[in-house]
Every structure is written in structure tokens, then in C-alpha cells.
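> Let me begin by handing over the structure; questions about it come next.
The values are calculated or read from the model by the stated rules, or taken from the named source; none is laboratory data. Everything numeric here is computed off the predicted structure, so don't read it as measured data. Cβ placement follows ideal geometry from the backbone for every residue including glycine, while neighbour counts extend to all protein chains displayed. The accessibility values were calculated without ligands, DNA or RNA, using every heavy atom of the protein model including side chains. Shrake-Rupley method; radii C 1.70, N 1.55, O 1.52, S 1.80 Å.
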Amino acid sequence: MPTPDFIRTLRASAGRQLLWLPGVSAVVLDDAGRVLLGQRADNHRWCVISGIPDPGEQPAECAVREVYEETGVRCVVERIVAVRSTKEVTYPNGDRCQFMDVTVRCRAVGGEAVVGDDESLAVGWFEVDALPPMTASQQFRIKQALSDEPTWFEPMTSA
């Protein structure tokens, strides 16, 4: 999976230590209510499309760019559905990251669902009641995108 140049620069001085990074996840729905998913090349898991914004890039811009680059689908962002910190991730090379994820609901407006880069093994549209196996975190993002609830935030543990 390609690492953005600015992360490579950080890693040159930070080594493998934990980096706190922004992340954007896009739950893309088509007119039939299906969800666009990609099967990641690094761990083979099915996930909503996600990525790291470039420095200065707005979350909505990042979502639209990542969806197009990874799947060939054009989309527009409709709203933010969740903001939450992810669990720490350790990659096979030993790099450690934790993300502040902004999940957005998007509507597909064109393009064909095809593998667009080496980050995915497969991409496709899935009926909500026939999703492939995925983590609870991925399921949560989809659930929030399908609801009409306000943006979800992790409840505070203390006042």
C-alpha cells in the first residue's frame, strides 16, 4: 500500500514510533442503496474506501479523491456521519499509527466500480443485507451512514 510522501518524511525522523494521523472513510451509496466496498491488498479485508488526506486537503476532497483513485467511482459527499479515534495499528514493517477518522456518507454520481490502484484486490457494490465479512468498525461506519442520526461522537468517559 503506498505511503504518502509526507508520512515517509515523518518516518525518517520518527522511526517506527506511534504517529497520530488524520483519516477519512467514505461510505458510498448508489441509487439502489448498495454500498461500495474494496478488498484491501494488505490484509484482504473488505472495507469502505478510506485514506489519509494530503497536508491542507479537506476531508471531503480526500474522500472524493480516494474513492475515484481506488474504485473509478465518482461521488459527492453528503454529510459527516461519525468522528472517532481508531485503535492503534501496527503494520507488517513495524510502523505504528493511530487515526482520527472522519467518516462521510457519499452518493455515487458516475464511473464504474473497478480496481483503480494496487491498494485493492477487488471492489464492488454490495446490498446492505448481503455484505461480505468485515470488522465491527467497518460495519459501524456503514450503519451510521445509513441512519438519519446526527454525527456520531464517542461518548466522553468523564466530565
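> Which condition from (1) more than 23 Å from Gly111 (Cβ to Cβ); (2) touching a residue at least 12 places away in the same chain (Cβ under 8 Å); (3) surrounded by fewer than 14 Cβ atoms within 10 Å (Cβ to Cβ) is the one that Asp31 breaks?
The number of the failed condition is (1).
> If you scan region 72-119, which residues turn out to be outside any strand (DSSP E or B), under 13 Å from the mean Cα position of the chain (by Cα) and not acidic (Asp, Glu)?
Within region 72-119, the subset outside any strand (DSSP E or B) is 72, 86-88, 91-95, 112-119.
In the following step, the residues that additionally are under 13 Å from the mean Cα position of the chain (by Cα) were identified as 86, 119.
If the condition is that a residue be outside any strand (DSSP E or B), under 13 Å from the mean Cα position of the chain (by Cα) and not acidic (Asp, Glu), then Thr86 is the only one that fits.
> For region 54-68, which residues satisfy the criterion of being touching a strand residue (DSSP E or B) at 6+ places or on another chain (Cβ under 8 Å) and either basic (Lys, Arg) or open to solvent by 10 Å² or more (accessible area, probe 1.4 Å) (or both)?
Taking region 54-68 as the starting set, the residues that turn out to be touching a strand residue (DSSP E or B) at 6+ places or on another chain (Cβ under 8 Å) are 59-60, 62-68.
Result: Pro59, Ala60, Val64, Arg65, Glu66, Tyr68.
> Among residues belonging to region 1-28 that are of a type in the set (Ser, Thr, Tyr) and open to solvent by less than 70 Å² (accessible area, probe 1.4 Å), point out the one that is nearest to Thr90 (Cα to Cα). Step through it out loud before you land on a result.
Taking region 1-28 and keeping what is of a type in the set (Ser, Thr, Tyr), we get 3, 9, 13, 25.
Subset that is open to solvent by less than 70 Å² (accessible area, probe 1.4 Å): 3, 25.
Numbers: Thr3: 14, Ser25: 19 Å.
Filtering first and then ranking leaves Thr3.
> Continuing with the same structure: Across region 97-113, what is the number of residues that are closer than 25 Å to Leu10 by Cα and either loosely packed, with under 14 Cβ neighbours inside 10 Å or not acidic (Asp, Glu) (or both)? Break it down stepwise before answering.
Taking region 97-113 as the starting set, the residues that turn out to be closer than 25 Å to Leu10 by Cα are 97-103.
Next, from what is left, pick out any that are either loosely packed, with under 14 Cβ neighbours inside 10 Å or not acidic (Asp, Glu) (or both): 97-100, 102-103.
Qualifying residue count, region 97-113: 6.
> Being surrounded by 14 or more Cβ atoms within 10 Å (Cβ to Cβ), more than 20 Å from Pro150 (Cβ to Cβ) and not β-branched (Val, Ile, Thr) is the filter here; which residues of region 75-89 pass it?
Cys75
> Something else: Given Pro2, Pro53, which one is in a loop (DSSP other than H, G, I, E, B) and within 12 Å of the chain's Cα centre (by Cα)? Spell out the reasoning first.
Values: Pro2 fails: within 12 Å of the chain's Cα centre (by Cα).
Of Pro2, Pro53, the one residue that is in a loop (DSSP other than H, G, I, E, B) and within 12 Å of the chain's Cα centre (by Cα) is Pro53.
> Please count how many residues of region 122-151 are open to solvent by less than 60 Å² (accessible area, probe 1.4 Å), under 12 Å from Val81 (Cα atoms) and either outside any helix (DSSP H, G or I) or aromatic (Phe, Trp, Tyr) (or both).
Matching residues across region 122-151 total 3.
> Sort through Gly116, Gly72, Gly51, Gly94 and tell me the only one that's open to solvent by less than 30 Å² (accessible area, probe 1.4 Å), more than 13 Å from Leu29 (Cα to Cα) and out of contact with any strand residue (DSSP E or B) (no Cβ under 7 Å at 6 or more places or on another chain).
Values: Gly116 fails: open to solvent by less than 30 Å² (accessible area, probe 1.4 Å); Gly72 fails: out of contact with any strand residue (DSSP E or B) (no Cβ under 7 Å at 6 or more places or on another chain); Gly51 fails: out of contact with any strand residue (DSSP E or B) (no Cβ under 7 Å at 6 or more places or on another chain).
Exactly one of Gly116, Gly72, Gly51, Gly94 is open to solvent by less than 30 Å² (accessible area, probe 1.4 Å), more than 13 Å from Leu29 (Cα to Cα) and out of contact with any strand residue (DSSP E or B) (no Cβ under 7 Å at 6 or more places or on another chain), namely Gly94.
> Oh, and also: Looking only at region 11-40, which residues are at negative phi, part of a loop (DSSP other than H, G, I, E, B) and not hydrophobic (A, V, I, L, M, F, W, C)? Show your work before the answer.
Step one: list which residues in region 11-40 are at negative phi, which gives 11-14, 16-32, 34-40.
When the remaining residues are screened for being part of a loop (DSSP other than H, G, I, E, B), the result is 16-18, 30-32, 34.
Answer for region 11-40, where residues must be at negative phi, part of a loop (DSSP other than H, G, I, E, B) and not hydrophobic (A, V, I, L, M, F, W, C): Arg16, Gln17, Asp30, Asp31, Arg34.
> Still on this structure, I have one more. Where the second residue is among the charged types (D, E, K, R) and open to solvent by less than 20 Å² (accessible area, probe 1.4 Å) and the first is within 12 Å of Leu36 (Cα to Cα) and lies in region 61-81, which pairs have Cβ atoms under 7 Å and are six or more apart or on separate chains?
Taking only residues 6 or more apart or on different chains, not a single pair turns up.
> Ok, one more. Kindly check whether there is at least one residue in region 83-92 that is of a type in the set (A, V, I, L, M, F, W, C) and at pLDDT 95 or above.
So in region 83-92, the residues of a type in the set (A, V, I, L, M, F, W, C) come out as 83, 89.
The next check asks that each one be at pLDDT 95 or above; those that pass are 83.
Yes, the conditions are met somewhere in region 83-92.
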